[in-house]
1. Which of the following residues is over 28 Å from residue 141 (Cα atoms), of a type in the set (Phe, Trp, Tyr) and either touching a residue at least 60 places away in the same chain (Cβ under 8 Å) or part of a loop (DSSP other than H, G, I, E, B) (or both): 182, 166, 186?
2. Return a yes/no flag: does region 155-163 have any residue that is in contact (Cβ under 8 Å) with a residue 12 or more places away in the chain and loosely packed, with under 14 Cβ neighbours inside 10 Å.
3. Being buried (at least 17 other Cβ atoms within 10 Å of the Cβ) and more than 16 Å from the chain's Cα centre (by Cα) is the filter; apply it to region 223-235 and report the residue that is nearest to residue 156 (Cα to Cα).
4. Which count do you get for residues in region 12-34 that are over 12 Å from the mean Cα position of the chain (by Cα) and touching a residue at least 24 places away in the same chain (Cβ under 8 Å)?
5. So which residues in region 23-51 are surrounded by 19 or more Cβ atoms within 10 Å (Cβ to Cβ), under 24 Å from residue 145 (Cα atoms) and of a type outside the set (A, V, I, L, M), if there are any at all?
6. Looking at region 239-295, which of its residues are in a loop (DSSP other than H, G, I, E, B), small (Gly, Ala, Ser) and without any contact (Cβ under 8 Å) to a residue 60 or more places away in the chain?
7. On the basis of being outside any strand (DSSP E or B), more than 30 Å from residue 35 (Cα to Cα), of a type in the set (Asp, Glu) and in contact (Cβ under 8 Å) with a residue 12 or more places away in the chain, does residue 105 make the cut?
8. When region 140-154 is examined, which residues are found to be surrounded by 15 or more Cβ atoms within 10 Å (Cβ to Cβ) and not polar (S, T, N, Q)?
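The values are calculated or read from the model by the stated rules, or taken from the named source; none is laboratory data. Remember, it's a predicted structure, so these values are computed and weren't measured experimentally. Don't worry about glycine lacking a Cβ; one is built from the backbone with ideal geometry, like all the others, and counts go over all protein chains shown.
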Amino acid sequence: MKIKFWGVRGSIPSPGPEFVKYGGNTLCVEVCLEGLDRLIIIDAGSGLRLLGNQLMSTQDSEKPFRVDIFLTHTHLDHILGFPFFAPIFQHSTRLNIYGPVTCEEDSLEAVLGGQLSYRYFPIRQVELAANIDYINLKEGSFDLGDGIQLTTKYLNHPLLCLGFRFEYEGKICCTAYDTEPFQNLFITDPHDPAFDAIMAHEGEAAARDEKLRLEEFFAGADLLIHDAQFTQQEYEASKRGWGHSPLEHAIKSAMRSQAKRLALFHHDPMRTDAQLDALAEMHCDSQESDSTEVFFAREGMQVEL
């Protein structure tokens, strides 16, 4: 299993000289499985354009081309690269797009393809040449064929969002972004007039159980790709409820689940290369992370499992 990062930035692309080392494109991860003529892509952010161009430069346009895109959710930074993905304009492309159902009124096809209308783009969805199937995903375990097992887990984000756990020939790649720590949503201050002891207790138990379920989902991963948009200080100051994690939380979760490698991911669009370098120097030493190798994902980086 080989993983390549084509986009690691969250929220919005970040062009400019201060964002060259780690990259400014939004979320897109390529998963290559040894021995299979099949490509898995996780998320369709602006990095998908670069991946599509690279694929077209090496692919025989007449040969059937099979691609599976797995969307964690349909926020714009995770889908804005789709209209610029060159293979969708080729008749030889067979594309499956998997994602959670995030709106009862609109299908996954309507949400993703809504970008492909004259209101936003010069080419309409019905004009795409590729053969595209849209597959709704829920939380559960799935056999994708060819020896690939997929487990999905709902995450803690303002929009329904899935984490993915891909297993192939004894190797595991796991994703957990966009997400933030599960918390007790009920009032816990006994002096508050609205305090309810039973509800406070139930809320605490629910948050604890979900945290344990998520760490079981990570357990033993060869690579965990985890949201790390904020520092703990930033998160506590003003970012609770935004659906993103402090990097310190990601590191502790990876250590508790005994993940072998942790890729800190979904970098804040304002976080410069120099700032990420400083955070890497502070948090990516082996002493702090114990047996888990910790690094900040960079655009173009490849990891072999």
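1. Working: 182 fails: over 28 Å from residue 141 (Cα atoms); 166 fails: over 28 Å from residue 141 (Cα atoms).
From the options 182, 166, 186, the qualifying one is 186.
2. Keep residues of region 155-163 that are in contact (Cβ under 8 Å) with a residue 12 or more places away in the chain, which gives 155-163.
Retained after the next criterion (residues that are loosely packed, with under 14 Cβ neighbours inside 10 Å): 158.
Yes, region 155-163 contains at least one residue that is in contact (Cβ under 8 Å) with a residue 12 or more places away in the chain and loosely packed, with under 14 Cβ neighbours inside 10 Å.
3. Going through region 223-235, the residues buried (at least 17 other Cβ atoms within 10 Å of the Cβ) turn out to be 223-231, 235.
Pick out the ones that are also more than 16 Å from the chain's Cα centre (by Cα) and you get 231, 235.
Numbers: 231: 17, 235: 15 Å.
By that ranking, first place goes to 235.
4. Here is the first cut: in region 12-34, the ones over 12 Å from the mean Cα position of the chain (by Cα) are 12-25, 31-34.
When the remaining residues are screened for being touching a residue at least 24 places away in the same chain (Cβ under 8 Å), the result is 12-14, 18-25, 31-34.
Matching residues across region 12-34 total 15.
5. 28, 30, 43
6. Here is the first cut: in region 239-295, the residues in a loop (DSSP other than H, G, I, E, B) are 240-245, 257-260, 266, 268-272, 284-285, 290-292.
The next check asks that each one be small (Gly, Ala, Ser); those that pass are 241, 243, 245, 257, 259, 291.
Passing the criteria: 257, 291.
7. Details: outside any strand (DSSP E or B): yes; more than 30 Å from residue 35 (Cα to Cα): yes; of a type in the set (Asp, Glu): yes; in contact (Cβ under 8 Å) with a residue 12 or more places away in the chain: no.
Considered against the rule, which asks whether it is outside any strand (DSSP E or B), more than 30 Å from residue 35 (Cα to Cα), of a type in the set (Asp, Glu) and in contact (Cβ under 8 Å) with a residue 12 or more places away in the chain, residue 105 comes out as no.
8. Initial filter on region 140-154 (surrounded by 15 or more Cβ atoms within 10 Å (Cβ to Cβ)): 144, 148, 150-154.
Scanning region 140-154 gives 144, 148, 150, 153, 154.
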